[in-house]
Structure formats: structure tokens, C-alpha cells
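Engineer: The structure is given below, and queries will be raised subsequently.
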Amino acid sequence: MPEARRILDAVIPEPPEGIERRPVTVAARVLQGGPVALVTTADRGRANVLPVAWHSPLSARPPLVGIALEQSRYTTEMVSHSEQFALNFPARPLLHHVQYLGSMSGEDIDKFEATQLETFPAAHVDAPLIQGCAAWVECEVQQVLPLGDHVLFVGLVVAVHVDPQAFDERWIPEASAEARPLHFLGANDYSTLEGVLEARLPGRSEAPERVLAERVAEELEQTREARERREELLEEVYRDIEEGKVVDLSQLALGRAPDGAPPLILPPTERPRDV
Ligand SMILES: Cc1cc2nc3c(=O)[nH]c(=O)nc-3n(C[C@H](O)[C@H](O)[C@H](O)COP(=O)(O)O)c2cc1C
């Protein structure tokens, strides 16, 4: 270790017990969790689509959003030339399509033909919009900023469309499982929103430190109760599996099946892997 680094490390305070230090590259995963987008483009007679996790709102007035595309992506070349793109926010049934679309390049294959994804025309841009998504944002490129190994395309939002089942003033976590967007966690892992937690502020006459401490205790109690209830339900499910009964896993929020799907029947003795 270089001397300067050793001296610096010696003066940097240790984090509290139980907290781990990780490499700086982990920051991208820490910031992850927003809804994954399928970015569509159309350029010189070709259309393409790739999943993008690195996107962000950048300004409210004017409405600007950014997508960070690695320099080598075929889409980077297409967006640079067409100066347009659309963000399509896929809903749960497109989980496997999303991962597949990120595993190959439009340079080698027509991804729309390969996946048979259905599209419809956008209102303002040439990029096609994908059916089976929960929201769509059309953008015209305003600025292109090369940043390290990625290029940040700053897009002016020119149109937004939403599926009201999934999005009202905000995403609706209580929407049916098929309507909810996919949140990318990294690697092959995704999640969906499972509920709303409403934060409450202390009243004007209340001591904030006391009220906030009480609310923390309340939240911890509720999460403990939820965990205990889930463990009880799991035990019931195991008993049913061992007796060869039909089991409905949806009540446990274990990779919940789409609404209307038939109940999962597991043979006796086989336990769900991710429990
Ligand atoms: C869930 C997911 C998120 C991704 N996010 C990004 C991203 O934010 N930026 C990027 O450049 N590539 C990202 N990728 C990788 C590209 O989607 C992938 O390399 C794709 O095949 C490139 O396609 P193209 O060459 O047709 O543009 C992601 C892949 C997946 C599966």
C-alpha cells in the first residue's frame, strides 16, 4: 500500500461496528433500485432497444432526464445520430425480455424481430413505444456529455404516457402484480414495489427528537411483527406441502405469481429454494 494511502487510512475514522467498507465501484449498485427502462431508438431505418438502469431526472423546468450509455453500445451510436430516444418502463410480465434484451447488441440482431415485442407509434419521436409497459417518456437529445466510459445523453421530455392502473400521481405499489414496474437490483435480480409507507412529521408543538425516536421504535415493532407473521405462514405452508396439499404462495410475497395464475402445487418434501 502506498505511504500516502496508509497515512490517509490511519486518520480516516472507522465506521460504527457492523458496517462494512466496500470498493468505490459498488456506488452504482447502491444507487440502483429505480424502475428499469427499455430505451428505444430509431435511426436510418432501423429500430433498437436496450435495458437501462442508469437513468435519472435532471431538471424539472425544463423537464430533462439523463441516460448513461456505455460508449460501445449500438444504441449510443443510434441516439448520437437520431438525437431522440424513448424510455419504456416494462411491467412484471416482461422480466425475462428485459434481461434478454441486455444480453445482445442491435448491431448483430434485430431485437424486435427476435423477441416479437409489440410496438405502437410515439407521439413526437421516431422511436417505437413498447406494449406491456407501465409508462413511456419520449425525449429529444439536448446535450451529450462523455463521462468516463459512458456517455450521458440529456433528453428534453416531449411526451409522457402512463398506464393509469400502474401510475397515478406516482407509482401505485398496490396495483396488480402484472401492472407494476420492474426495479433492477443488479446481475439478474429485479424487484417490484410491495407497499406504501407514509412518513409522518412531528407537529409544531412536539419535540422532534422525541417524536422521531418514538416513530423509529414503532416502525421496528411493525417490521418485527411482519417477520413473525411471515414465519408462521411459512410453517403452515411447509405442513401443507408435506401433506401434498395445493399451496398458494402469494400470501407470503415469495416471487408473487400474477393475479389469476393457478395455485402452485409443490410435491411433498420439496421446499421453495429462496425461503
Ligand atoms: C437490467 C439491465 C440494465 C442495464 N443498464 C445499462 C445502462 O444503464 N447503461 C448501459 O450502457 N448499459 C446497460 N445495460 C447493458 C445493455 O443493455 C446491453 O449491453 C445491451 O445489450 C446493449 O445493446 P445495444 O448494443 O443494442 O445498444 C443494462 C443491462 C441490463 C440487463
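Engineer: Take the residues in the range 58-80 that are farther than 26 Å from Ser105 by Cα and under 22 Å from the mean Cα position of the chain (by Cα); name whichever of them is nearest to the ligand (Cβ to nearest atom).
Structural biologist: Leu58
Engineer: Which members of the range 46-55 meet the condition of being near the ligand (Cβ under 10 Å from one of its atoms) and in a strand (DSSP E or B)?
Structural biologist: Hits for the range 46-55 are Asn48, Val49, Leu50, Pro51, Val52, His55.
Engineer: Consider Ala127 carefully, then state whether it is among the small types (Gly, Ala, Ser), within 16 Å of the ligand (Cβ to nearest atom), more than 13 Å from Phe89 (Cα to Cα) and more than 23 Å from the chain's Cα centre (by Cα).
Structural biologist: When the stated conditions are applied, Ala127 does not pass them.
Engineer: Which one of these does Leu254 not meet: (1) of a type in the set (A, V, I, L, M, F, W, C); (2) at pLDDT below 85; (3) part of a helix (DSSP H, G or I)?
Structural biologist: (3)
Engineer: Condition check: touching a Cys at 6+ places or on another chain (Cβ under 9 Å) and of a type in the set (Gly, Ala, Ser). Does Ala10 satisfy that?
Structural biologist: For Ala10, the condition - touching a Cys at 6+ places or on another chain (Cβ under 9 Å) and of a type in the set (Gly, Ala, Ser) - is not met.
Engineer: If you check Ala123 against the conditions, is it surrounded by 15 or more Cβ atoms within 10 Å (Cβ to Cβ) and assigned by TED's automatic domain parsing to the domain that holds Ala37?
Structural biologist: Judged against the criteria, Ala123 is not a match.
Engineer: Among Glu118, Glu107, which is over 19 Å from Trp54 (Cβ atoms), within 16 Å of the ligand (Cβ to nearest atom) and not basic (Lys, Arg)?
Structural biologist: Sole residue among the options that is over 19 Å from Trp54 (Cβ atoms), within 16 Å of the ligand (Cβ to nearest atom) and not basic (Lys, Arg): Glu107.
The values are calculated or read from the model by the stated rules, or taken from the named source; none is laboratory data. If you're wondering where the values come from, they're calculated on a predicted model, not measured in any experiment. Reconstructed Cβ throughout: ideal geometry from the backbone, glycine too, with neighbour counts over all protein chains shown.
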